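Student: My questions all concern the structure below.
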Amino acid sequence: MGSFLYSLLDKILGPLIYIPISFFPNSKDYIKKSYLSSPNNKKILVIKLYEMGSTILCAPSIQLLQNEYSKEQIYFLVFRKYKEILLTMDLIEGDNILEININNPLSFLISLIRVLITARKLKFSISICLEFSNYIGPILSFLIGAKVKAGFYNSSHKILGHKNGLYNLPYEMNNSIHVYDLFAEIFCKTFNINRLNLSFTKFKVHFSSHKLLSNQGAVFRKSHKITKEDKIILFNLNISDELPLRKWPKEYYLKLSKLLLGLDQSLVIVFVGLMKDSKALNDLLGNDLLNENLSNRCINYLGKTPTLLEFIRLIESSDFFLTTDSGPGHFASLTKTKTVVLFGPETPTIFGPLSDNITNIYLNLTCSPCFSLNNGRTSNCRNNICLKGITPNNIYEIIKEKIYA
């Protein structure tokens, strides 16, 4: 089914389910500080269905919550294809992850029923929904039936005057602050946690069960005859992004590659991304780079990092990483690799990765951002000048400054 079809179904079927169940009574008997702040015998469910970048941004809040509750008390509901980030960060116990399969409509329906049955049996005390503008988030919160249902509501949820949506502990969504701060606010207010104790810079990811992959960088260099003196520049080629407005023109990668490879004989460019983009990359780069005898320093590595952890380790072992606004920019925030993230229809003020090694590039045009938390990343724009205006020469100068600093 995929994320696009899921979003379409959510917009069409969501209101048809949402409206009738919004008339059911929603008890507020449990909204007491003493109940919310006491960890005794409570099970907590965090609902964040998709967007691995957002999962990374909510991770510090979950880790802080784990200071009050044991890991065994905290569960997470997610679409199966995004489950790996939780396991990679060692954030949630594997048995505590509830997953919905969205590969096709039948799998979606079967896995959804199983999740609801399992969740009802677990009898959650508190659920926190971190979804922004869809209907399935609050619908799932309601059907799962936790005593306390916390979540964001916005204009799309104020149907027929039901101001607070399906939550009995609603939080109005502030569209002007960073997503990380939104998550911090809902966790800290719900569980009466001191906000000063929460900091993304102090957030630590634990790869304790994956130490065998820590030498992946050395293995990669050896297998591709890249010396220790060579500098690896990683390009995340987002040709198949499900949101076309977030794409940087593919011709720009070609021009930038030529500029960089002509700068220094020790630079090696490695393209990463999805396997289905591999042919497009070869067609784009092949003849031009061969004509200039530069192709031996340009590696097509698309589809060759089968696990998320391997991808993060490859970023970690590189000297520089370039990506458009997407999950990999947030993956880079888990490393120390110098990274540039290109923003266009979204703004780094709301969605930007939070780490000192990240540089967010954003033109801040009058028409930007056209994607927001409220509109479900939809736009009437058909010409993303917000990204086309970021030229290869601009990025070339930034990379030169970063890698030779």
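The values are calculated or read from the model by the stated rules, or taken from the named source; none is laboratory data. Since we're looking at a predicted model, the values are computed, not measured. Reconstructed Cβ throughout: ideal geometry from the backbone, glycine too, with neighbour counts over all protein chains shown.
Student: For H206, work out the one condition from (1) at pLDDT below 70; (2) more than 19 Å from the chain's Cα centre (by Cα) it doesn't fulfil.
Tutor: (2)
Student: Same structure, new question: Scan the stretch 61-80 and tell me whether some residue there is within 17 Å of L308 (Cα to Cα) and in a helix (DSSP H, G or I).
Tutor: yes
Student: Where the second residue is among the polar types (S, T, N, Q) and outside any helix (DSSP H, G or I) and the first is more than 30 Å from N67 (Cβ to Cβ) and lies in the stretch 91-119, which pairs have Cβ atoms under 9 Å and are six or more apart or on separate chains?
Tutor: Once the first residue is more than 30 Å from N67 (Cβ to Cβ) and sits in the stretch 91-119, its partners that are among the polar types (S, T, N, Q) and outside any helix (DSSP H, G or I) give S107/N101; F108/N101; I110/N101; S111/N101; L112/N101.
Student: Further question on the same structure: Cβ-Cβ below 8 Å, separation at least six or inter-chain, first residue in the stretch 1-15 and under 15 Å from F132 (Cβ atoms), second modelled with pLDDT under 75 and of a type outside the set (D, E, K, R): which pairs?
Tutor: Correct list of pairs: S7/G376; K11/G376.
Student: Return the only residue of I128, I113 being in the same structural domain as S7 (by TED's automatic domain parsing) and surrounded by 23 or more Cβ atoms within 10 Å (Cβ to Cβ).
Tutor: I128
Student: Identify the single condition in (1) over 25 Å from the mean Cα position of the chain (by Cα); (2) modelled with pLDDT of 95 or more; (3) assigned to a loop (DSSP other than H, G, I, E, B) that N393 does not satisfy, given that it satisfies every other one.
Tutor: (3)
Student: Could you pull out the residue among T339, T349, T323 that is surrounded by fewer than 20 Cβ atoms within 10 Å (Cβ to Cβ) and not charged (D, E, K, R)?
Tutor: From the options T339, T349, T323, the qualifying one is T349.
Student: Continuing with the same structure: Limited to the stretch 338-364, what total is found for residues that are farther than 23 Å from I399 by Cβ and part of a loop (DSSP other than H, G, I, E, B)?
Tutor: The total comes to 1.
Matching residues to (1) at pLDDT below 90; (2) within 16 Å of I47 (Cα to Cα); (3) more than 24 Å from the chain's Cα centre (by Cα):
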residue	(1), (2), (3)
K121	no, no, yes
S127	no, yes, no
I136	yes, yes, no
A146	no, yes, yes
L166	yes, yes, yes
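Student: Quickly run through the stretch 62-86 and pick out the residues that are over 21 Å from C188 (Cα atoms) and either among the acidic types (D, E) or in contact with a Pro (Cβ under 6 Å, 6 or more places away or on another chain) (or both).
Tutor: Residue satisfying the conditions is E84 alone.
Student: Let me ask something additional. Any residue at all in the stretch 346-361 that is modelled with pLDDT of 95 or more and either more than 28 Å from L314 (Cβ to Cβ) or of a type in the set (F, W, Y) (or both)?
Tutor: The answer is no; no qualifying residue exists.
Student: Here are I299, I315: which of them is of a type in the set (A, V, I, L, M) and within 18 Å of S278 (Cβ to Cβ)?
Tutor: Sole residue among the options that is of a type in the set (A, V, I, L, M) and within 18 Å of S278 (Cβ to Cβ): I299.
Student: Name the residues in the stretch 374-391 that are in contact with a Leu (Cβ under 8 Å, 6 or more places away or on another chain) and closer than 17 Å to H178 by Cβ, would you?
Tutor: Selection gives R377 alone.
Student: While we're looking at this one, here's another question. Looking only at the stretch 319-337, count every residue that is assigned to a helix (DSSP H, G or I) and under 14 Å from S54 (Cβ atoms) and tell me the total.
Tutor: Qualifying residue count, the stretch 319-337: 5.
Student: Still on this model: List the pairs whose first member sits in the stretch 169-195 and is over 24 Å from K147 (Cβ atoms), whose second member is surrounded by fewer than 18 Cβ atoms within 10 Å (Cβ to Cβ), and whose Cβ atoms are under 6 Å apart, counting only residues at least 6 apart or on separate chains?
Tutor: none
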